[in-house]
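The next block holds one structure in the form of structure tokens; read it before the comments.
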Amino acid sequence: MNDFVDFFSLSDPNIRYVVLGTAFMAAGSALVGCFTFLKKRALVGDAVAHAVLPGICLSFLVSATKNPLLLVIGAFITGLMAIGAMDAIVKHSKLKEDTATGIVLSVFFGIGIVLLTVIQQSGSASQSGLDTFLFGKAAAMSLTDVWVFGLISLLLVCTILLTYKELMLVVFDKNFANAIGIKTKRFEMLISVITVLAVVVGIQSVGVVLMAAMLITPAAAARFWTDRLPVMLLVASIFGAFAAVGGTYISYLAPAMPTGPWIVMVISIMAISSFFLAPGKGILHRSLKIKRYQQKVLHENVLKLFYKTGEKDADFYRYYSFEQLNKLEEAAALQLKKALPKLTAQGFLEKKKAEYKLTQAGKKKGQRIVKLHRLWEMYLTEYLRLAPDHVHEDAEGIEHIITPEIERKLEEKLNFPTEDPHQSNIPYDHKN
Amino acid sequence: MIKQVKDPILEIHDLSVSYQKKPVLWAIDLTLPKGVVVGIIGPNGAGKSTLIKAIMGLIPPDSGFVKIFGESLEAVRHKISYVPQRESVDWDFPASVEEVVMMGRYNKIGLFKKPRKADREVVADCLLKVNLEAFAKRQISQLSGGQQQRVFIARALAQEADLYFMDEPFAGVDAATERAIVNLLKEMTASGKTVVVVHHDLNSAAHYFDWTILLNLKLVASAPVKEAFTAQLLQETYGGKLTLLTELGEILAKNEIPNREKKRY
């Protein structure tokens with residue numbers, strides 16, 4: 001608990017730098033990532049992240065200092081070169097974008113590793129700490145770093161706010177953007193530049209290897225929660241910042257733990273939870289919906305069974321035991337054990353000792369399903385010209401999804417028929 | 001049957017276009033009058049979409065030029081509107097119907113600026129014209145194909161242009177929507193607008209359009225419907241496969257030879 005207070009009170013200036021720095025970085029790259037994600041160029045971010053390594057190494061070799069501004073400039077140049085190389089490969093060869101991305105990623109990263117090895121063997125690596133760029137080391141952030149990265153993140157936010165509507169149009173419908181005279185090449189260049197900037201800021205804390213996660217994962221997670229781009233941008237940046245603070249906190253509790261990978265772990269967990277839990281699009285919500293529908297079908301089928309048995313016995317309110325019902329041919333696929341107590345609790349059945357009978361409400365509901373089934377069979381034979389022996393299976397499914405409006409239309413279209421194609425009576429409410 | 005008009009709203013002069021080095025249009029030369037619904041008609045792969053894309057400057061031509069209202073495209077862009085093919089975008093994009101229609105106002109709003117009240121009113125008005133006012137806040141992926149098509153048309157209307165290019169607005173659209181769109185096009189021409197529509201159904205073409213462009217890699221006809229729809233011209237458009245042009249095109253594409261020796265653009 002003390003750790004918690006120490007950390008979140010931000011009283012220690014080192015913690016303050018790290019927390020603020022990573023939160024700025026994560027929010028900025030999440031914002032930019034939304035556009036890369038919607039442009040379906042998720043892997044481009046990964047390639048750029050790997051391609052900034054040679055830039056960092058080169059600017060260190062040239063300047064022999066670890067001045068963050070110089071490293072940023074070096075990283076920025078090779079990152080932009082990587083995007084240029086990918087576009088050039090796609091334009092001038094028969095290779096597709098995925099291949100171009102793969103080539104650029106590995107070639108640039110390979111050069112970066114070679115340069116890094118050269119630096120390490122020259123003996124200056126330990127004081128330079130350049131190898132931390134591979135996996136990131138947020139804990140090493142200084143006040144200058146926070147200023148540089150904070151300003152770049154602010155620049156990213158302002159750029160996106162100012163050009164929001166053009167970026168949205170260029171990503172959604174480039175042809176139309178061109179047609180109304182928007183210089184789409186410039187905006188695509190702008191997206192490239194802000195992607196590289198976001199990467200350059202981010203590698204300090206999460207490293208080149210994991211940087212792509214900070215671009216794409218918050219956007220992917222946010223997409224589950226909303227269908228509106230402004231909300232998606234906001235949610236993604238909040239997710240990103242939250243993951244940054246969370247990851248930093250974990251590595252504060254266990255100092256041997258690297259910050260970057262933990263930030264990525266936190267954002268990944270958030271994305272996976274969104275995948276399961278988000279309303280509407282989440283797996284949980286969708287499977288619950290399916291479950292609920294299956295239960296509705298089961299209940300309606302059991303009431304239908306009671307009604308049809310009552311029809312045969314000419315008494316709708318007779319008591320039946322579970323065994324009696326279970327023997328019936330129509331009960332074969334029904335989970336009666338599960339449905340009977342539930343329907344009793346809902347007031348559609350009445351239980352006396354071990355026997356069940358329909359209540360009035362239950363009879364009404366069962367009767368409606370039987371009516372819909374037989375009406376639909378009529379519709380199929382009359383309007384789709386199906387043979388009477390081909391319509392039952394179809395009606396078994398449709399009877400559960402016909403709404404009262406469609407029910408009324410069916411009745412009118414068929415002019416209230418009294419018998420279905422198998423000469424069974426079609427029960428209407430008003431006749432009782 | 002290529003009928004030239006005086007004071008044309010659109011003049012295409014000797015326009016040749018290639019797509020990945022393969023010639024798709026050969027020396028198109030035509031003029032269109034003002035205030036009509038024009039149908040660009042031809043079989044699959046005839047270059048219909050390519051023609052309007054080239055007019056809109058979305059594909060650079062190998063040769064020739066286009067003049068609209070007697071001026072260059074850049075000078076009159078604000079008076080031209082474009083409806084791309086519906087499948088050309090990802091409808092899963094997180095945007096609402098009104099946000100997409102608002103895109104038609106972007107060049108009037110200007111860079112770095114937000115939509116003004118007047119823009120929102122134009123958008124609402126355009127949604128009303130295509131009967132989508134109840135769907136304004138709906139996410140675009142939740143619409144049917146016909147509704148999505150109407151969103152694109154509303155976006156074009158929001159541009160308040162004088163000349164409209166529509167790429168296959170009837171593709172994948174139900175009969176009711178098709179009728180509604182046709183009526184809308186007629187209303188538009190009645191108020192002096194000109195609409196150019198890419199279309200591939202011959203049967204309906206005679207009823208929908210005042211003027212037709214018959215196209216199959218080369219221009220077969222450009223004339224009022226009654227004059228263009230002759231058995232011979234239709235046969236020339238749909239019947240013969242133009243094997244010579246196709247064969248030559250393939251040779252050019254295979255050897256990566258530019259169609260024209262000197263690019264004028």
Calculate, for B:Lys113 and B:Glu160, the FRET efficiency according to 1/(1 + (r/R0)^6) with r their C-beta to C-beta distance and R0 25 Å; round to the nearest 0.05. 0.90
Listed residue (A:Gly347, A:Leu410, A:Leu380) projecting farthest to the positive dipole end of segment A:329-432, Cβ model: A:Gly347
Round to the nearest 0.05 the FRET efficiency obtained for A:Val5 and A:Arg286 when R0 = 35 Å and r is the Cβ-Cβ distance. 0.30
Where does the longest stretch of chain A lie that holds no trypsin sites (Lys or Arg not before Pro) found in a DSSP loop with 11 or fewer other Cβ atoms within 10 Å? A:97-352
Hey, could you get me the Stokes-Einstein D for segment B:118-159, Kirkwood radius over alpha-carbon pairs, 37 °C and 0.692 mPa s, rounded to whole µm² s⁻¹? 323 µm²/s
Cα-Cα pairs of chain B separated by more than 29 Å (percent): 33 percent
Residue-wise, which Karplus ³J(HN,Hα) couplings in Hz belong to segment B:60-73, taking 6.51 cos²θ - 1.76 cosθ + 1.60, θ = phi - 60°, and x for glycine or proline? x, x, 6, 7, x, 8, 10, 10, 10, 6, x, 10, 6, 3
Here segment A:6-19 yields Karplus 3J(HN,Hα) values (6.51, -1.76, 1.60; θ = phi - 60°; whole Hz; Gly and Pro given as x) of 4, 5, 7, 6, 6, 6, 6, x, 5, 4, 4, 4, 5, 5
Chain B: longest segment with zero exposed GluC sites (Glu not before Pro), where exposed means DSSP loop plus at most 14 other C-beta atoms within 10 Å, is residues B:1-255
Counting other Cβ atoms within 10 Å, keep those with at most 15, restrict to DSSP loop, and tell me which chymotrypsin sites (Phe, Trp or Tyr not before Pro) in segment A:143-217 are left. none
Within 10 Å of each candidate Cβ there may be at most 14 other Cβ atoms; applying that plus a DSSP loop requirement, which trypsin sites (Lys or Arg not before Pro) in segment B:211-255 survive? B:Lys241
In straight Cα distance, which lysines are under 28 Å from A:Lys137, not counting same-chain residues fewer than 8 positions off? A:Lys66
Shielding by partners for A:221-227, please: the mean number of other protein chain Cβ atoms within 10 Å of each residue's Cβ. 2
For a test of the definition: using alpha carbon positions, the gyration tensor, and the 1.5 limit on a/c, classify segment A:273-432 as rounded, prolate or oblate. oblate
Convert 4 °C to kelvin, take the viscosity as 1.567 mPa s, use the Kirkwood radius over C-alpha pairs of segment A:170-295 as Rh, and evaluate the Stokes-Einstein diffusion coefficient in µm²/s, rounded to a whole number. 78 µm²/s
Tell me which lysines have Cα within less than 16 Å of B:Lys67's Cα, excluding those fewer than 8 residues away on the same chain? B:Lys6, B:Lys34, B:Lys53, B:Lys79
Out of B:Phe170, B:Phe135, B:Phe93, a Gaussian network model of chain B with alpha-carbon springs under 10 Å gives the largest mean-square fluctuation to B:Phe93
As a percent rounded to 5, the proportion of antiparallel DSSP bridges among beta bridges in the protein assembly as shown is 60 percent
Sort A:Phe133, A:Phe322 so that the residue with the fewest other Cβ atoms within 10 Å of its own Cβ comes first and the one with the most comes last. A:Phe322, A:Phe133
Evaluate E = 1/(1 + (r/R0)^6) for B:Leu128 and A:Leu143, where r is the Cβ-Cβ distance and R0 equals 45 Å; express this FRET efficiency to the nearest 0.05. 0.20
If eta is 1.002 mPa s and T is 20 °C, what Stokes-Einstein diffusion coefficient results for the protein assembly as shown, Kirkwood Rh from Cα pairs, in µm²/s? 70 µm²/s
Output field shielding_mean for A:156-167 (other chain Cβ, 10 Å radius) holds 2
Note on chain B, DSSP bridge orientation, antiparallel percent to nearest 5 equals 55 percent
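A short reminder: the numbers here are calculations on the coordinates, not readings from a lab. Please read these numbers as outputs of a predicted model, since none were measured by experiment. Neighbour counts are summed over all protein chains in view; Cβ atoms, including those assigned to glycine, are modelled from backbone coordinates with ideal geometry.
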